Structures are given as structure tokens and as C-alpha cells.
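Below is one structure, written out as C-alpha cells; the observations come after it.
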Protein chains: 2
Amino acid sequence: MHPHTHITLDRSSPVPLYFQVAEQLEEAILTGTLGAGERIGNEVALAADLGLSRPTMRQAIQVLVDKGLLVRKRGVGTQVVAGRVHRPLGLTSLYDDLMKAGQRPRTVVLKMDVVYPDDQVRAELRLADDAQVWYLERLRSVGSDPLAHMTNYLPTDVVDLAAVDLGETGLYEAMRRAGVVMRVGRQRISARRAEAAEARMLGESEGAPLLTMERTTYDDAGRAVEYGTHAYRPDRYSFESTLVDR
Amino acid sequence: MHPHTHITLDRSSPVPLYFQVAEQLEEAILTGTLGAGERIGNEVALAADLGLSRPTMRQAIQVLVDKGLLVRKRGVGTQVVAGRVHRPLGLTSLYDDLMKAGQRPRTVVLKMDVVYPDDQVRAELRLADDAQVWYLERLRSVGSDPLAHMTNYLPTDVVDLAAVDLGETGLYEAMRRAGVVMRVGRQRISARRAEAAEARMLGESEGAPLLTMERTTYDDAGRAVEYGTHAYRPDRYSFESTLVDR
DNA sequence: TAGTGGTCTAGACCACCGT
DNA sequence: CGGTGGTCTAGACCACTAA
């Protein structure tokens, strides 16, 4: 009844125990060692097997429930969710996503300036009336294929963009290196027709459908650190996500 | 130092204590009683004030951290995230969303049949080779404006669609009433050109951009219960979501 | 009825932050 | 250094499910 997934714990590691368990359980699910519909658990026995308290074991399982890999049912147990898994989108940039997928993204910085933002941007970033922002416009490609046209606004006190080579690194990675800890992003995804100039840049015809995303990102102090509006070629990009009801 | 948000607990209520606290904290944030950037906490003191244990108080705060309303920073405290809040998308249908927004959606069922699914649908739903599914095609409008063209496939043993008036209720609501507990949804959002027939239905011109979503939903036993591909008029609809890094 | 997850308690030690 | 959140323990009682 116990498909022993053989979990190893290292109590001297700085990695939390619940996370060690979650990692190894996830691995077992992704490799198929734990198949769709299979039951793990119960929590009490698992905890005892591993020499953990039940709350710690529960926390480990909760991580995978939140990722949509496991479902819990009271009185029944915990089971592996069916279906192929795709990685959830987190607070990553397109650049990060492409790198992870083994692609070689290329970025051309079209514009980079310090400007006075318009009212909408100032409101999104909650800036004072006289505050200035970095204005950044980039075109991202994979190989010879244009993929996305990106516009971003950043408060000038968040990061000094002039000191960064944005052709060689993603914006989010640059922000992280500057010590910004991004915690929350609020985004809206829709679609629209490509305008003429934009269509030329993306190698599409005017009026072609574009996938659009606008996002405001907040750091670990709750401060808005970035606002951006992006346009993607829909035949080359899509947004995947997992929703979990608790 | 304590912006006393006056939280009331009812220990005789079946609503969990952590949830009662989370609800009232969220209310305080949404109404502005707790303003952007304001610190709540600390966990120990809050727990003591309310006569709760610290883990319970922590769980309450975690709910709002997961919703992107609060950010925690070790050594500092817990603060309210800046910016306007929009409700996250959960496992709801377009119908539910519209109803909540006070709209009056109208649904026309274009087709409803039991069919043998093609390979892709069979794979998404993890069905046996000889299994049949409900095939459902609907057009949803608000007022006189067409909004979305929706196609769904459901295993026949999940719910009997013939017994439901889908003009009067959303598909997800109908599934819930049939005892289906949906727990996980995996979706992909992109865009494409409207085809001729589709454009006519949606009141758009051929080639107009459409926002597309395909989603597979799983129940509390990890079983695929629904697969759908939808097309929305992008000037009338967009997907909003909140991402949280932990 | 037996077994499962859901909630809750009352502590403990640690890591990190700002002063 | 004091104060914060991050982790962990060892229990307890309850609600729900399935046999």
C-alpha cells in the first residue's frame, strides 16, 4: 500500500525539511514513479516514516497541492492529479522562460531613457507628481524570429538601468541583481490588432492578432517596482497556468 | 503601533478561525482601513490579542499573502501591498464571472451531443479508446453583444448534460450541482485570427483578433472532468491574475 | 466503524533585518 | 542587539468518506 518513494532527508541542510520532501515527491510525480491517480499518504504514517511531525509533512504536501500536482480529499487520502504537467508561470520574465526552455533569446534595446511618466503609468507605480521613471523599449527574438515587443517603466530609485547590459540579461534578472526582491505581480492578458510599426518590428502584417500582457510588479515591501505592457506573436507564445481551488 | 482593525471571532462557528481572521483582514485592506504599505503584525502579538495560537494566526496571514494582498519580510514585518486589487481568477466559468460583475449573460446552446472524441480530446481527458463524451458548443452574450464562443467536452459519467438547462446556468455551476468537486485547472491562453463562421457569430469581421483559452479541469480525485477551448472578443474580455513568489 | 484530512494548541529554536 | 518572520515539534479533537 506504500509505494515507497524513498525520500531522503538531510537535517544539516539549510533547505527546509518540508521543502526537501516536496522536491522529492514532485520528482517522483514528474518521472512517473508516482502515477496519475495513485494515492500517497496518509500524512501521519508518512510523517512517522520520515521522522517528521505531522504539520511538517502536511506543509510538504501542501506545496504540491498548491502546484496542482496533488489533490486531497478528506476521509479518502491524497492522490496524484492526472494529466500532463506544465510549469506554472511565476514572477519570471520572458527571457528567463526562454532560457529555461533551452532557447537562445536575443534582445535589442530600442529605447532607454529617463522620462516623466504619463498619468496612467504614474498611477500604476504610485509615484509622486514630479517623479521620473526609466522608460525601456525592447524587441525580443529567438533565432531570426521576432517574438515580442516590450515596453517597461521603472521608478529610478529601484535600479540604475544605465549600469546594466540588457542585451545580455533579462530585466527581472537585472532587477534581482540590483537587490530588488519581487514578490507579487498583477497582470492582465488580452489581444488586439498589430499596428503598422509594431507589425513591421514583429514580422507580421498590419492588423495581425497580437497577444498582450500588462503587468505591475511589487517588491517585498509592497512597493510597485515595475510596470510593463508587452505584445507577443501568438503563434510563438502563449500563457500557461494552473489554477487551484482550496 | 497597532492599527486596531477590530477582528471578531466566533468560536462556535463552523468557519475556521484562520479563515475568519483572513476575511476580516482582507475586508480591512479592500476598504482602505489598512492602507498600502501599512504594517500589520507581529504574528505573536496579533495571535495573543485574538486569543489564538501563532500557527493559526500565521495561517490567516498566509491566505492573504497567497492572494497577493500582503507581503512578509523577515526581520521587518508584514505590510499591505500597494496598488489596486482585482479578484484573482479561480475555477470559475465565464458565466460565474459575469454574474458576479452584475452582468446578465445570455447563453445559446448551439450543439449538444454525445460523440466519440478525437485523439486530442481523448488524450486530454485520459479516456479509454471506446469512451464517449458530451460535446457542447455555446455562444455567450451580454445584452446584445456576443462575447465568447465556447466548445467543451465532458466524460459522460461526470454529468448528464441533458438534464441541465445550460441557458440558465453556467457549465461549472451545473457540474457542481451534479456533485463534481473541481480542484485543479490547467489552462493556456493565446490569440488567433477569427475564422469566417466564428467571426459572424461573434459580430466581428473575418481575421479579427480573438483571445483564446483552452483548459482541462480535474476533480478532487485527480480525474479529468472537462476540456474546453474558448474564443473571446478581446475588446470585451481579458484575463486578470495575481502571481506570488514565496 | 475505521481511516483520512482539516483545524488548532503551546510551545521551541533559528535566520535575517534594522538600529 | 531586539524584533521580526521561518521552521519545527508532539500532541489534540473534529468532519468527512467509504466499507
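Residue by residue through the stretch A:57-83, note down the ones that are under 12 Å from A:Ile29 (Cβ atoms), more than 9 Å from chain B (Cβ to nearest Cβ) and within 10 Å of DNA strand C (Cβ to nearest atom). Once the filter is applied, which keeps residues that are under 12 Å from A:Ile29 (Cβ atoms), more than 9 Å from chain B (Cβ to nearest Cβ) and within 10 Å of DNA strand C (Cβ to nearest atom), the stretch A:57-83 yields A:Ile61, A:Thr78. Residues that are away from DNA strand D (no atom under 14 Å from the Cβ), surrounded by fewer than 17 Cβ atoms within 10 Å (Cβ to Cβ) and in contact (Cβ under 8 Å) with a residue 12 or more places away in the chain within the stretch A:18-31 comprise just one, A:Leu30. Within the stretch A:12-35, at least one residue is touching a Pro at 6+ places or on another chain (Cβ under 8 Å), among the β-branched types (Val, Ile, Thr), closer than 30 Å to B:Arg126 by Cα and away from DNA strand C (no atom under 15 Å from the Cβ).
Yes/no per residue for (1) within 14 Å of chain B (Cβ to nearest Cβ); (2) in contact (Cβ under 8 Å) with a residue 12 or more places away in the chain; (3) within 16 Å of DNA strand C (Cβ to nearest atom); (4) aromatic (Phe, Trp, Tyr):
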{"position": "A:Leu147", "(1), (2), (3), (4)": "yes, yes, no, no"}
{"position": "A:Leu154", "(1), (2), (3), (4)": "no, yes, no, no"}
{"position": "A:Val159", "(1), (2), (3), (4)": "no, yes, no, no"}
{"position": "A:Gly167", "(1), (2), (3), (4)": "no, yes, no, no"}
{"position": "A:Ala174", "(1), (2), (3), (4)": "no, yes, no, no"}
{"position": "A:Ala178", "(1), (2), (3), (4)": "no, yes, yes, no"}
{"position": "A:Val181", "(1), (2), (3), (4)": "yes, yes, yes, no"}
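Scanning the stretch A:214-236 for residues that are closer than 15 Å to A:Arg138 by Cα and either within 11 Å of chain B (Cβ to nearest Cβ) or out of contact with any strand residue (DSSP E or B) (no Cβ under 7 Å at 6 or more places or on another chain) (or both) yields A:Glu214, A:Tyr227, A:Ala231, A:Tyr232, A:Arg233.
What residue, of B:Leu136, B:Leu211, is surrounded by 20 or more Cβ atoms within 10 Å (Cβ to Cβ) and either within 14 Å of another protein chain (Cβ to nearest Cβ) or within 16 Å of DNA strand D (Cβ to nearest atom) (or both)? Let's see the steps before the verdict.
On the way: B:Leu136 fails: either within 14 Å of another protein chain (Cβ to nearest Cβ) or within 16 Å of DNA strand D (Cβ to nearest atom) (or both).
Residue meeting the stated conditions: B:Leu211.
For the stretch A:5-17, the criterion of a residue being more than 10 Å from DNA strand D (Cβ to nearest atom), in a helix (DSSP H, G or I) and closer than 28 Å to B:Leu243 by Cα is satisfied by no position. Applying the set (1) at the interface with chain B (Cβ under 8 Å from one of its Cβ atoms); (2) within 14 Å of DNA strand C (Cβ to nearest atom); (3) modelled with pLDDT under 90 to A:His86 leaves exactly one unmet item: (2). State whether one or more residues within the stretch B:192-203 are at the interface with another protein chain (Cβ under 7 Å from one of its Cβ atoms), among the hydrophobic types (A, V, I, L, M, F, W, C), in contact with a helix residue (DSSP H, G or I) (Cβ under 9 Å, 6 or more places away or on another chain) and in contact (Cβ under 8 Å) with a residue 24 or more places away in the chain. No. Inside the stretch B:202-231, residues that are of a type in the set (D, E, K, R) and within 20 Å of B:Pro146 (Cβ to Cβ) make up a count of 3.
Is at least one residue of the stretch A:110-132 modelled with pLDDT under 90 and over 16 Å from A:Met175 (Cα atoms)?
Scanning the stretch A:110-132 turns up no residue that is modelled with pLDDT under 90 and over 16 Å from A:Met175 (Cα atoms).
Among the residues making up the stretch B:41-56, those that are away from chain A (no Cβ under 11 Å), within 9 Å of DNA strand D (Cβ to nearest atom) and modelled with pLDDT of 90 or more are B:Asn42, B:Glu43, B:Val44, B:Ala45, B:Leu46, B:Ser53, B:Arg54.
More than 8 Å from chain B (Cβ to nearest Cβ) and closer than 30 Å to B:Gly77 by Cβ: does that describe A:Arg246? Criteria met by A:Arg246.
The values are calculated or read from the model by the stated rules, or taken from the named source; none is laboratory data. Here the structure is a predicted model, which means the values were calculated and not measured. Heads up, the Cβs are rebuilt from the backbone with ideal geometry, glycines too, and the neighbour counts pull from every protein chain shown.
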